[in-house]
1. Pull out a ≥ b ≥ c, the square roots of the eigenvalues of the alpha-carbon gyration tensor of segment 39-190, then state rounded if a/c is under 1.5, prolate if not and a/b is larger than b/c, and oblate in the remaining case.
2. Between 186, 264, 236, where does the largest GNM mean-square fluctuation fall for the chain, given springs only between Cα atoms within less than 10 Å?
3. Roughly what angle does helix 162-174 make with the longest principal axis of the chain, taking Cα atoms, 0 to 90 degrees, to the nearest 10?
4. Put one equal scatterer on each alpha carbon of the chain, apply the Debye formula with no solvent term, and list log10 I(q)/I(0) at q = 0.11 1/Å to two decimals.
5. Sorted from largest to smallest, which semi-axis lengths in Å does the alpha carbon gyration tensor of segment 131-260 give for its equivalent ellipsoid, taking the root of 5 times each eigenvalue?
6. If the reach is capped at under 20 angstrom between alpha carbons, list the aspartates and glutamates near residue 30, excluding any in the same chain fewer than eight residues apart.
7. For the chain, set up a Gaussian network in which alpha carbons nearer than 10 Å are linked by springs, and say which option among 143, 247, 261 fluctuates the most.
8. For each pair in 214/246; 150/221; 119/290; 150/231; 90/296, compute the distance between the two Cα atoms and list the pairs where it is over 22 Å.
Amino acid sequence: MRFARRSFLALALAACVSPAAADPVADFFKGKTVTVLIGVSAGGEYDLQARLIARYLGRHIPGNPTVVPQNMTGAGGLTEANWLYNVAPKDGLFIGMIQNALPVMQAVGLPGPQFDSAKFQWIGAIAPTVETLAVWTASGVTTIEQARQKEVVIGAVGKGGITDTFPRMINEFAGTKFKIVVGYPGGNDVNLAMERGEAAGRNNTWSSWKVTKKNWLDEKKISILAYEGPKPADMGDVPSVQELAKTDEDRAAIRLITAGTLFGRPLTAPPGAPADRVAALRAAFLATMKDPDFVKEAEAGDFEVDPVDGLRMQKIAEDLIALPASVKARARPLIE
């Protein structure tokens with residue numbers, strides 16, 4: 001009887017210990033490849049950030065899978081976002097860094113987005129962003145007041161994306177005369193157009209200017225006319241778009257249009273991916289943000305690291321969908 005009891009206890013203990021020792025998430029990811037899709041062309045801030053994260057993320061995912069970045073361009077980032085939401089395998093092996101203006105497009109009901117932002121499973125972003133409108137200094141326009149008097153050609157990527165909506169918004173609320181030309185494949189292409197004199201300016205984030213075109217800032221080749229988001233200490237005397245607006249209704253519309261700044265450069269998983277794997281990806285992302293090698297490379301590249309966690313991004317997406325119809329109606333014409 002004593003032997004039988006001891007044997008039963010040993011088997012019971014083994015039954016309790018074995019499941020705890022197993023890690024189904026690590027077992028799943030081990031030996032596999034996680035693909036990080038990037039919805040824009042190579043060389044810009046989205047691409048650089050996604051590739052930086054991909055170099056270190058696999059260290060912190062259970063099972064240490066290989067992580068591979070892959071560009072999927074088209075329709076200002078919509079091709080990637082729609083594919084990720086509707087077509088990508090829902091197993092945790094496909095995640096994407098999507099354009100941060102796309103949730104706003106979906107929130108106001110524009111055609112094109114084939115997804116519900118609140119149902120994406122957000123993973124995280126390196127930091128929030130600060131959107132800017134910059135103009136080639138040699139164009140003779142260095143202030144908003146001058147842009148009210150003289151037409152300035154602004155290059156943009158896709159219709160309805162932030163590179164298009166940001167200058168349109170300034171035209172609406174500040175009375176500027178920006179002529180917006182859409183259709184460039186990516187930000188680098190607009191930069192080349194500025195150097196050739198084909199375009200005089202563009203929307204870009206403050207961090208992207210510092211990462212990709214720091215020499216332009218140092219040599220004062222561009223002038224920042226307006227910004228939106230938390231103002232950086234090193235930007236100088238530049239007005240926010242909300243400061244240029246005249247009414248509270250206009251300022252609410254501006255906050256909606258630029259809500260992408262809260263997302264930063266966001267990584268997300270599609271709906272339907274198993275919750276435990278998504279939780280592991282979120283935890284791995286936050287661990288990556290503290291990885292000494294990642295931090296060192298981010299600092300060398302002038303990337304600010306102020307992480308936005310996935311659960312916070314989930315709440316931002318849900319709040320966007322829940323905004324009053326009147327605010328969405330005021331913002332929609334400037335995003336269409």
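1. prolate
2. Result for the chain, Cα springs under 10 Å: 236 fluctuates most.
3. So the inclination is approximately 40 degrees.
4. Debye curve over Cα of the chain, log10 I(q)/I(0) at q = 0.11 Å⁻¹: -0.70.
5. 21, 16, 15
6. Hits, sequence-local ones excluded: 91, 276.
7. Taking springs between Cα atoms under 10 Å, the residue moving most is 247.
8. Table pairs above 22 Å Cα-Cα are 214/246; 119/290; 150/231; 90/296.
None of the figures in this text is laboratory data; all of them are computed from the coordinates on show. Computed from a predicted model, the values in this text were never measured in an experiment. Note that each Cβ is placed from the backbone with ideal geometry, even for glycine, and that neighbours are counted across all protein chains shown.
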